[in-house]
Amino acid sequence: QVQLVESGGGLVQPGGSLRLSCAASRNIFSIYALGWYRQAPGKQRELVAIITKGGNTNYADSVKGRFTISRDSTKNTVYLQMNSLKPEDTAVYYCYAHFIAYDYWGQGTQVTVSS
């Protein structure tokens, strides 16, 4: 089992930056994949970025070049650095883990991009 706790959301102006953090309850190298999804009002949850145990990353086309996923194994934490934020990035961001045969989710953190 994996518990995930997100932090770092908030209100930011267009063009600004935020960094989301997700602390996992176990060694992140024991987890096959860690990542971030988001869900905007009235829309389906979508993949934002993911990193595998081997270090491979994948990003949604809409965030490539603006967002970066990274991890710190000493803190069992995965990060999402978000730059050049746009109003369409507004959503609840969820941390995700795939461990053994199950998917785990954090509680979500709100990101609002508005002037």
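Could you give the size of the charge dipole of region 59-115 about its Cα centre, using +1 on the Cβ of each K and R and -1 on the Cβ of each D and E, expressed in debye and rounded to the nearest 20?
Working: 5 positive and 5 negative charges, 34 e Å.
Once rounded to the nearest 20, the dipole reads 160 debye.
Using only protein heavy atoms and a 1.4 Å probe, report how much of residue 92 is accessible, in Å² to the nearest 10.
My reading of the accessible area for residue 92 is about 40 Å².
Report the local net charge at residue 41: Lys and Arg +1, Asp and Glu -1, summed over other residues whose C-beta lies under 14 Å from its C-beta. Numbers along the way, then the final one.
Working: positive: 38, 43, 45; negative: 46, 88, 89.
Around residue 41, the surrounding residues sum to 0.
Accessible area of the chain with a 1.4 Å probe: how many percent of it is carbon plus sulfur?
Numbers: 2800 of 6010 Å².
Here it works out to 47 percent.
What FRET efficiency do you get for residue 27 and residue 57 if R0 is 30 Å and r is their Cβ-Cβ distance, rounded to the nearest 0.05?
Taking R0 as 30 Å, the efficiency between residue 27 and residue 57 is 0.95.
Summing +1 for each Lys or Arg and -1 for each Asp or Glu, what net charge is found among the other residues whose Cβ lies under 9 Å from the Cβ of residue 82?
Details: positive: 19, 66; negative: 89.
Net charge around residue 82: +1.
Could you calculate the FRET efficiency of residue 103 with residue 83 from 1/(1 + (r/R0)^6), where r is the beta carbon distance between them and R0 is 30 Å, rounded to 0.05? Intermediate values should be presented prior to the final figure.
Details: r = 28 Å, r/R0 = 0.92.
The value I calculate is 0.60.
Using a basic spin-label model with each label point 7 Å from the Cα along Cα→Cβ, how many nm lie between residue 39 and residue 1?
2.1
Per residue, how large is the accessible surface of the chain? Use a 1.4 angstrom probe and give square angstrom.
Counting only protein heavy atoms, the per-residue value for the chain is 52 Å².
Among the lysines, which have Cα under 23 Å from the Cα of residue 86 when same-chain residues fewer than 8 positions away are ignored?
Partners within reach: 43, 64.
If the only charges are +1 at each Lys and Arg Cβ and -1 at each Asp and Glu Cβ, what is the size of the charge dipole of region 10-115 around the Cα centre, to the nearest 20 debye? Walk me through the numbers on the way to the answer.
Values: 11 positive and 6 negative charges, 31 e Å.
The calculation lands at about 160 debye.
Excluding residues fewer than 8 places away in the same chain, name every one of the aspartates and glutamates whose C-alpha is closer than 20 Å to that of residue 75.
6
The values are calculated or read from the model by the stated rules, or taken from the named source; none is laboratory data. Everything quoted here is computed from the prediction, not taken from an experiment. So basically every Cβ, Gly included, is an ideal-geometry build from the backbone, and we count neighbours across all protein chains shown. What goes into the accessible areas is simple: the full protein's heavy atoms, side chains included, and nothing from ligands, DNA or RNA. Shrake-Rupley method; radii C 1.70, N 1.55, O 1.52, S 1.80 Å.
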